[in-house]
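For reference, the structure discussed in these notes is given below.
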Amino acid sequence: MEEHFAAHNRNDLDFIELNPLPSCLICFPLEEQSSKQFQDFWNWFLNKYLAKTYTAYTIYYFDQAYFENDFEERNNSINQLLYSATFKQQPPDFEYLNHQIHIWIVAHQATETLFETKEESYQTAPVFNLLSSKSDSSTQTVTPEPMANDPMQANILAALQSIQIALGRRNNTPLPLFRDNTQDPIEWLDDFERAATANQYDEKYKFQIVGGYLQGSSATWFSQETNANAQHKIIRWTPINAEEENTSFTTQFEAKFRTPILISKWCMELERRTQGPGKVVTEYAKAIRKLIKCIYSFTKGLRTNLSYALWSFLALKDNPTIDMAIELAQ
């Protein structure tokens, strides 16, 4: 930062062009009036987190985040926003701030929805002339429309539910990264589910964020499989029934990254596994269960009729192995 401002002092335009600073008011001067949404946001942000200054860069990326529906795109815009703000003291972790801004945006949008629908109701409400001589002086009973048929009430309910879900989420437990094909996908998926449960993430939210925790070939695969042109576009976290398996992340992730090399590795571990000196039975049992789960994951990916037949046959064997399962399946 000091080097950047030194470049301004010596008017080194080449350096400044190559190294722009998002928080620099000289590079990104405040030329236009900010939106009402940004003004509300900044008042909240500076009071809660002692923010100090913002630039045109901050305003631009706030607007990008506020009107973006895609989670990853909004996440990226919020990160850019944070890089452009300065603070009076050391701010909290940016991942935490990102999460809090997400919640603020959802809450603020819900508030706007409430006011918009309320204003619509005032504009469309019928006006009665209470002084008209034609009015009936007898007592009348007015039966309101059910809430389910009222678009205004439905919008309000949806907005409040979004706030409730967002406020319930936590970021206390870090989520694991899946880096390459040598990593155990079954173990990673278990760790991800465990952390997500601790953070109170629902299945919709897990699917929204999982792409950010995939790296390398897995990130490329996820991008391709969630593309609109994908043969079986992945659109959900986990299937409810067999028809949804081709479009669910958990089943397709296991099918893709449970490689033959890993299957062979699990097979060897299972066949060689012993309790070992100094190991309690519970530790041994835990390791065995993990390896058996890997074998089960292999059969689960098969066609339903083949999977059931295979498991029925393996149940009769004294020491079934993954090699035996693969050979029988073939």
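The values are calculated or read from the model by the stated rules, or taken from the named source; none is laboratory data. These figures come from a predicted structure and were not determined experimentally. Positions of Cβ are backbone-derived with ideal geometry, glycine not excepted, and every protein chain shown enters the neighbour counts. Protein only, heavy atoms only, side chains kept; ligands, DNA and RNA dropped before computing areas. Shrake-Rupley method; radii C 1.70, N 1.55, O 1.52, S 1.80 Å.
Would you mind finding the one in Leu46, Leu30 that is aliphatic (A, V, I, L, M), open to solvent by less than 100 Å² (accessible area, probe 1.4 Å), closer than 22 Å to Phe62 by Cβ and more than 32 Å from the chain's Cα centre (by Cα)? Break it down into steps so the answer makes sense when it comes.
On the way: Leu46 fails: more than 32 Å from the chain's Cα centre (by Cα).
Exactly one residue qualifies, and that residue is Leu30.
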Task: Residues (open to solvent by 40 Å² or more (accessible area, probe 1.4 Å) and not in a helix (DSSP H, G or I)) located in region 183-225 - done: Gln183, Gln200, Asp202, Gln215, Gly216
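Could you tell me whether Glu112 is surrounded by fewer than 16 Cβ atoms within 10 Å (Cβ to Cβ), under 14 Å from the mean Cα position of the chain (by Cα) and part of a helix (DSSP H, G or I)? Spell out the reasoning first.
Values: surrounded by fewer than 16 Cβ atoms within 10 Å (Cβ to Cβ): yes; under 14 Å from the mean Cα position of the chain (by Cα): no; part of a helix (DSSP H, G or I): yes.
It is false that Glu112 is surrounded by fewer than 16 Cβ atoms within 10 Å (Cβ to Cβ), under 14 Å from the mean Cα position of the chain (by Cα) and part of a helix (DSSP H, G or I).
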Task: Considering residues of region 8-27 that are of a type in the set (A, V, I, L, M) and within 23 Å of Leu82 (Cβ to Cβ) only, the residue most open to solvent (accessible area, probe 1.4 Å) - done: Leu18
Task: Among residues of region 38-87, those that are more than 20 Å from Pro20 (Cβ to Cβ) and basic (Lys, Arg), counted - done: 2
Task: region 84-99, residues that are under 14 Å from the mean Cα position of the chain (by Cα) and surrounded by 15 or more Cβ atoms within 10 Å (Cβ to Cβ) - done: Asn98, His99
Task: Leading residue by the ranking (nearest to the chain's Cα centre (by Cα)) among those in region 246-281 that are at pLDDT 90 or above and not hydroxyl-bearing (Ser, Thr, Tyr) - done: Phe249
Open item on the list: Conditions first: (1) part of a loop (DSSP other than H, G, I, E, B); (2) open to solvent by 50 Å² or more (accessible area, probe 1.4 Å). Ala230 passes all but one, so which condition is the exception?
Closed with: (2)
